[in-house]
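The values are calculated or read from the model by the stated rules, or taken from the named source; none is laboratory data. None of these values were measured; they are calculated from a predicted model. Quick reminder, even Gly has a Cβ in these numbers, built from the backbone with ideal geometry, and neighbours come from all protein chains shown.
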Amino acid sequence: MAQLTQADGLKIRRERERQELTVDELVARLAAEEDIRRHPDYIRNIELGYKQPSPRLLGSIARVLGVERDTLLGPENPRLTRRRRVVKK
């Protein structure tokens, strides 16, 4: 089943860091509070944009971080908001 809207890993990472949580602490809280067990590298890959969380995992991350699920979502069409990179010489 395809996800209609993707999570924004950078938003997840920023919120986690804002709360001064390490990835290991987030993983521990996911296990304790949501009964979800994931390897810290899996969460890092989500934050780096290499993987997408399932809707269940995204909801659990949002609850553990105390934010609305929608605040962790990226734009519906990332191509429309992608900025061109300017290379200085």
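A few points about this structure:
- Flag for ILE43 being in contact with a Leu (Cβ under 7 Å, 6 or more places away or on another chain), over 18 Å from ASP8 (Cα atoms) and at pLDDT 95 or above: no
- Tabulated pairs, region 7-25, first touching a residue at least 40 places away in the same chain (Cβ under 8 Å) and closer than 14 Å to ARG69 by Cα, second assigned to a helix (DSSP H, G or I) and among the charged types (D, E, K, R), C-beta under 6 angstrom, 6+ apart or interchain: GLY9/GLU47; ILE12/GLU47
- Flag for ARG13 being at pLDDT 95 or above and not in a helix (DSSP H, G or I): no
- Options ARG18, ARG37; residue that is surrounded by fewer than 12 Cβ atoms within 10 Å (Cβ to Cβ) and either over 24 Å from PRO75 (Cβ atoms) or in contact with a helix residue (DSSP H, G or I) (Cβ under 7 Å, 6 or more places away or on another chain) (or both): ARG37
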